[in-house]
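Have a look at the structure below before the remarks.
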Amino acid sequence: MHARIIRSATRTQFLRGSSLIHARYNHSAPPPAPNNNDTTHFGYRTVPKEEKEALVKDVFSSVAKSYDLMNDAMSLGVHRLWKNQFVSLLDPGSNGPIKCVDAAGGSGDISLRILDHAREKYADRETQVTVTDINPNMLNEGRRRFKKTMYYNTPQVNFQVADAQALDKEVFPDNAFDLYTIAFGIRNCTSIPDVLNEAYRVLKPGGTFACLEFGKVENPLMASVYESYSFSIIPLLGTILASDRASYQYLVESIQRFPTQGDFAQMIRDAGFQTGEDREGEGGSWRDLWMGIASVHTGVKI
């Protein structure tokens, strides 16, 4: 699959970008990362590690029923195109049926695209996806979406309440899956290294880790426009569309706190994955979408 990922990059052109020095924009520069081992960040707040999970769960319980609307607000609707590109790049079904974990995937967005891609392009009705989320409300939204499809109540999809940082070894045994996806979810986890280590554990040798996440924009003009939109407009849209400014404010801040593309690529390598070169683009560790507003990261278990 790794070779397929590299070849696929030649078919899809991604815009380049890397890290943005947020201090250029004082109105949105995140505070220094907490250096106490017992604390972490929740947006721009420093909180005890044991509290973050509950706080994040509250956010997604609040936005579960308006999740698509939230993503439309966060990306001006472009998240749908990004998700399509993400799955097309992975090309599930190209080497036969696979077993996939879609972590933090309660909405079903990515898992449904994976199954549709495998079926429509390769007549594959055997690929299986386990959709996981720590939030039961998000999983309920995914189930509701899948009830409208041919996959519901078939072996091709199942739903598991699960913490991506500590997957149940009976349900997610070692070396069991061909593909692990996580889209717009890893930045909300308390410990990104724990998530990456669990992904490495459950993947078979040769299996692929793939992450779609908001990134950092290098172009100063684009960065300024995007940050102004993020901090001025998105929380306002949260108030207007969902009567929930606080959740949308957290989501904006969580994007700013997420590592740069290069730093995240190094974290993936530190977990044991083989990546491309330490740069963006074909043959690199990540691909930027829309000048780095979002990025696709991949790694292969060796």
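The values are calculated or read from the model by the stated rules, or taken from the named source; none is laboratory data. If you're wondering where the values come from, they're calculated on a predicted model, not measured in any experiment. Cβ coordinates were reconstructed from backbone atoms using ideal geometry, including for glycine residues, and neighbour counts include every protein chain displayed. Areas reflect the complete protein model, heavy atoms only, side chains present, ligands, DNA and RNA absent. Shrake-Rupley method; radii C 1.70, N 1.55, O 1.52, S 1.80 Å.
Result for the chain in a Gaussian network model with C-alpha springs under 10 Å: among G281, G96, G292, the largest mean-square fluctuation is at G96. So, in Å, what gap is there between the alpha-carbon centers of the range 42-78 and the range 231-284? Spelled out, the Cα-based centre of one part sits 12 Å from the other. A simple spin-label model places pseudo-atoms 7 Å from Cα toward Cβ; at D174 and D263 they are separated by 3.2 nm.
Think of it as helices only: each DSSP H run of n ≥ 4 in the chain is worth -39500 (n - 2.57), and spread over all residues that comes to -12000 deg cm²/dmol at 222 nm.
Measuring only protein heavy atoms, the 1.4 Å probe finds T260 accessible over about 30 Å².
Stokes-Einstein diffusion for the range 67-221, with the hydrodynamic radius set to the Kirkwood value over Cα pairs and evaluated at 4 °C in a medium of 1.567 mPa s, equals 82 µm²/s.
When V47, V171 are compared by accessible area of protein heavy atoms, the largest-first order is V171, V47, using a 1.4 Å probe. Computed over the alpha-carbon atoms, the chain gives an Rg to Rh ratio of 0.94, Rh here being the Kirkwood radius from the mean inverse distance.
Rolling a 1.4 Å probe over the heavy atoms of the protein chains gives the chain an accessible area of 42 Å² per residue. Taking the DSSP beta bridges with both ends in the chain, the antiparallel portion is around 45 percent.
Of the chain, which part is the longest with no trypsin sites (Lys or Arg not before Pro) in a loop (DSSP not H, G, I, E, B) and with at most 15 other C-beta atoms within 10 angstrom? In the chain, the maximal stretch lacking such sites is 170-302. Within the accessible surface of the chain, defined with a 1.4 Å probe on protein heavy atoms only, the carbon and sulfur portion equals 52 percent. Bridgeable aspartates and glutamates around K147 (alpha carbons under 20 Å apart, same-chain partners fewer than 8 residues away excluded): D68, D102, D109, D116, E120, D124, E126, D133. With the cut-off at 1.5 for a/c, could you classify the range 132-171 from its C-alpha gyration tensor as rounded, prolate or oblate? Since a/c reaches 1.5 but b/c is at least a/b, the shape of the range 132-171 is classed as oblate. Put a plus charge on the Cβ of each Lys and Arg, a minus charge on the Cβ of each Asp and Glu, and nothing anywhere else: the dipole of the range 211-268 about its Cα centre is then about 100 debye.
With kT/(6 pi eta Rh) evaluated at 4 °C and eta = 1.567 mPa s, and Rh the Kirkwood radius from Cα pairs, the range 90-146 diffuses with a coefficient of 114 µm²/s according to Stokes-Einstein.
Across the alpha-carbon set of the range 209-266, the Rg to Rh ratio works out to 1.04, Rh being the Kirkwood radius.
Return P(r) of the range 173-275 (all Cα-Cα pairs; 10 Å bins starting at 0; whole %; ordered from short to long distances). Values per bin, smallest distances first: 14, 37, 27, 18, 4. Of all the options N95, N175, N219, the one that moves most in a Gaussian network model of the chain with Cα springs shorter than 10 angstrom is N95. Most simply put, the range 95-209 has about 0% antiparallel DSSP beta bridges, counting only bridges with both residues inside it. Dividing the alpha-carbon radius of gyration of the range 152-200 by the rule-of-thumb value 2.2 N^0.38 Å gives 1.22. In this label model, R144 and D38 are separated by 4.0 nm, measuring between points 7 Å along each Cα→Cβ vector.
Of the residues T181, T239, T130, which exhibits the maximal mean-square fluctuation in a Gaussian network model of the chain defined by a 10 Å Cα contact cut-off? Largest GNM mean-square fluctuation: T239.
The alpha carbon radius of gyration of the range 34-126, expressed as a multiple of 2.2 N^0.38 Å, is 1.41. Each Lys and Arg adds +1 at its Cβ and each Asp and Glu adds -1 at its Cβ; summed about the Cα centre, the chain shows a dipole of about 660 debye.
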